[in-house]
C-alpha cells in the first residue's frame with residue numbers, strides 16, 4: 001500500500017539538474033529545464049502549424065515525457081537516483097522550485113500542471129530504469 005504522505009523529490013531535482021548534456025529533439029541540452037522549455041514550445045508550435053486549437057496542457061504532458069524519458073534513457077545518474085528513491089513510485093512528486101526562472105508560458109504551464117503528469121512520467125521513467133540492464137553489466141561480484 002502506498003504512503004500518501006511520502007514525497008519524492010527525484011523528478012524535481014532532475015528537472016533542475018545541470019549534469020552532463022543529453023539529447024532531446026536533436027539538440028544538446030545541459031540544463032533539463034531548458035530542454036523542457038524547448039520541447040513545450042516545439043509542441044505548441046506544432047499545434048499552431050497544424051491550425052489546431054492550442055492545447056497547452058497537452059503540450060506540458062508531451063514535453064515532460066520527452067525530456068524526462070530522454071534524460072532517463074541517456075543518463076545513468078538519473079536512473080541511479082530513481083533506484084535510490086524509495087518513494088519514487090508510491091509518493092507524490094514535489095513540485096520543483098521554478099518560480100525563480102523568468103516567467104514564460106512554458107514555466108507557468110509546468111507549474112500549474114506538474115501534479116497532473118508527474119506520477120505517470122515517474123512510472124514511465126521507472127520502466128526505462130528497470131529495463132536498462134546495461135547498468136548491471138560489469139558490476140563487481142558481491
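If you go through the range 1-28 one residue at a time, how many are farther than 23 Å from residue 92 by Cα, in contact (Cβ under 8 Å) with a residue 24 or more places away in the chain and either buried (at least 20 other Cβ atoms within 10 Å of the Cβ) or more than 16 Å from the chain's Cα centre (by Cα) (or both)? Give the derivation first.
So the first thing to find is which residues in the range 1-28 are farther than 23 Å from residue 92 by Cα, and the list is 18-28.
After this cut, where a residue has to be in contact (Cβ under 8 Å) with a residue 24 or more places away in the chain as well, the list is 19-20, 22-25.
Filter again for either buried (at least 20 other Cβ atoms within 10 Å of the Cβ) or more than 16 Å from the chain's Cα centre (by Cα) (or both), leaving 22, 24.
Going through the range 1-28 one residue at a time, the tally reaches 2.
For residue 71, only one of the following conditions fails: (1) at pLDDT 95 or above; (2) more than 13 Å from residue 11 (Cβ to Cβ). What is its number?
All conditions pass for residue 71, except number (2).
Just wondering, is there one or more residues in the range 32-54 that are surrounded by fewer than 19 Cβ atoms within 10 Å (Cβ to Cβ), within 16 Å of residue 96 (Cα to Cα) and modelled with pLDDT of 95 or more?
Initially, the range 32-54 is screened for residues surrounded by fewer than 19 Cβ atoms within 10 Å (Cβ to Cβ), giving 34, 38, 41-42, 45-54.
If we keep only those that are within 16 Å of residue 96 (Cα to Cα) as well, we get 34.
Now narrow it down to the ones that are modelled with pLDDT of 95 or more: 34.
Yes, the range 32-54 contains at least one residue that is surrounded by fewer than 19 Cβ atoms within 10 Å (Cβ to Cβ), within 16 Å of residue 96 (Cα to Cα) and modelled with pLDDT of 95 or more.
Would you be able to tell me the number of residues in the range 29-59 that are farther than 17 Å from residue 109 by Cβ and either touching a residue at least 40 places away in the same chain (Cβ under 8 Å) or touching a helix residue (DSSP H, G or I) at 6+ places or on another chain (Cβ under 8 Å) (or both)?
Our first condition is that a residue be farther than 17 Å from residue 109 by Cβ; within the range 29-59, this holds for 29-31, 49-51.
Now drop any that are not either touching a residue at least 40 places away in the same chain (Cβ under 8 Å) or touching a helix residue (DSSP H, G or I) at 6+ places or on another chain (Cβ under 8 Å) (or both), which leaves 29.
The number of residues fulfilling the criteria is 1.
The values are calculated or read from the model by the stated rules, or taken from the named source; none is laboratory data. Keep in mind it's a predicted model, so treat the numbers as computed, not measured. Cβ sites come from the backbone with ideal geometry, for glycine too, and all protein chains shown count toward neighbours.
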